[in-house]
1. Once the Cα atoms of helix 128-137 and of the chain are each reduced to a long axis, what angle between those two axes, in degrees from 0 to 90 to the nearest 10, is obtained?
2. Test of understanding: what is the full-extension gain from Asp449 to Glu126, defined as 0.36 nm times their sequence separation minus their Cα-Cα distance?
3. Any idea what % of Cα-Cα pairs in the stretch 312-405 are farther than 15 Å?
4. Tell me what the chain gives for mean residue ellipticity at 222 nm when only DSSP H runs of n ≥ 4 count, each as -39,500 (n - 2.57), the sum divided by the residue total, rounded to 500 deg cm²/dmol.
5. Rank by packing, highest mean first: peptides 96-107, 116-127, with packing defined as the count of other Cβ atoms within 10 Å averaged across residues.
6. Test of understanding: ordering Ser415, Ser408, Ser331, Ser350 by Cβ neighbours within 10 Å, fewest first, what list do you get?
7. To the nearest Å, what is the center-to-center distance of the stretch 370-392 and the stretch 161-215, using C-alpha atoms only?
8. What net charge do the residues around Arg422 carry, taking every other residue with its C-beta under 10 Å from that of Arg422, with Lys and Arg at +1 and Asp and Glu at -1?
Amino acid sequence: MAKPKRRYICQACGSVTHRWQGQCADCGEWNTLAEEAPETVFSAKHDLSSGGRPIIFEALDAPGEVLKRRSTGLAEFDRALGGGLVPGSAVLMGGDPGIGKSTLLLQAAAKIALGGASSVYISGEEAAGQVRMRADRLGLAGAPISLASATSVRDILTTLSGMVPPALLVIDSIQTMHSDQIEGAPGTVSQVRASAFELIRYAKENGVALVLVGHVTKDGSIAGPRVLEHMVDVVMSFEGERSHQYRILRSIKNRFGPVDEIGVFAMEGQGLAEVGNPSMLFLSGRESPVPGSAVFPAIEGTRPVLVEVQALIVRLQSGATPRRAVVGWDSGRLAMLLAVLEARCGLNFSSAEVYLNVAGGYRLADPAADLAVAAALVSALADKPLAADAVWFGEVSLAGEIRPVAHSSIRLRESAKLGFGRAFGPSDANGGESATRFTGLGLLPNLVDRIVGHA
Ligand code: TYD
Ligand code: MG
């Protein structure tokens, strides 16, 4: 009998090889290949053209069901979902450990239960007692949630199929689940995929809104199974700095709604509070406008993030060589921008030290940051603060033109959402239907006139 071939699956992208390698040949990740048992072939019948049940075709314009959404009881959560949870759909919620995923979902489960619908919360990571303690702390101990600690998908589905399907089913987390259909430890790609598949099938057949919590790796992808992202209807990520209070809930994929909506929360002593006016997030550190500070609506991958760029200019008395120090941006790009500001706008930085910092430890790679950096530099040089409600974006060419960049409408929408009323950018940027008032600047000297001319 032939020896079954060894199989190694990349835990990041799911690609399969038969030889172990240090680096995945498909996605380039290191140390992600793990051996998994071969997939069982269930049937000897290879011809698939007979023996199946007929499927029924429908017209595209057939009267379908209207999507009925269920509110999570948290407006910011609903907003990020595109209006609420859709029954019979699966949501994957990713985020760093400790960011607040369990807290958010416990709060949503409690709100739904208090609203009279049933919600089931299954934790594979914590004992029921621990979840109860968290509920106490959140002031939700009275909510009629069905709570359990379990990791066997068979136990979970056996139990659920013996009861009225709940409106919401939370599985915290999918990496702790185990299906006995497949060999392997919980958390491997095969296990995660098999467990998710069974749970999603249950949810679709029973009209249950399913939320799967997924751990995230350092690089921000949902750990192991990127394959999982294809299986679910909605992929969300819960982001923030653990040392800071604010959390942003974003949808990365959404079969039922837009993907550029965000929900904003603050982690407080009693759980997550919704931040109705998220512009506070940025204004809290900027109480009065300071010269040299500009806000840039960045796009990280497909996701918008508002970032503060800070510049400081120190005039030197002596003829010493002035320093240029940059944190969070390319120093070559700063040198280029300073040269363009000197050559095209007649500004003089040559006898001044220039410090540039991107707040919050962000690293900007987006060329659209040029205009925000230029605005921060000019503002610092002129010692005039920029308008507190303005954002700046656009690429600057060597000729001093402000060039169009991608995703201007997403940048503007995000800016509007975060409370910024004015945006400055390339002349032909598409403002879309944003609430932010957009002004095209065209050439870099116009930026200087605007900052130096108008206080
Ligand atoms: P948790 O929801 O357990 O995170 P995750 O499920 O994403 O790993 O949240 C953990 C952190 O949140 C923990 O460090 C403590 C903090 N926290 C609060 O600050 N206030 C609260 O009311 C709760 C429940 C948690
Ligand atoms: Mg958790």
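Derivation of every value follows stated rules applied to the coordinates shown; laboratory data play no part. Everything numeric in this text was worked out from a predicted model, so none of it was measured. All Cβ positions, even for glycine, are placed from backbone atoms using ideal geometry, and neighbour counts span all protein chains on display.
1. Around 40 degrees separate the two axes.
2. 110.4 nm
3. 61 percent
4. Taking each H run of at least 4 residues, the total per residue is -7000 deg cm²/dmol.
5. The densest-packed peptide leads the list: 96-107, 116-127.
6. With the fewest neighbours first, Ser415, Ser408, Ser331, Ser350 line up as Ser350, Ser331, Ser408, Ser415.
7. If you average the Cα positions of each part, the centres end up 50 Å apart.
8. 0
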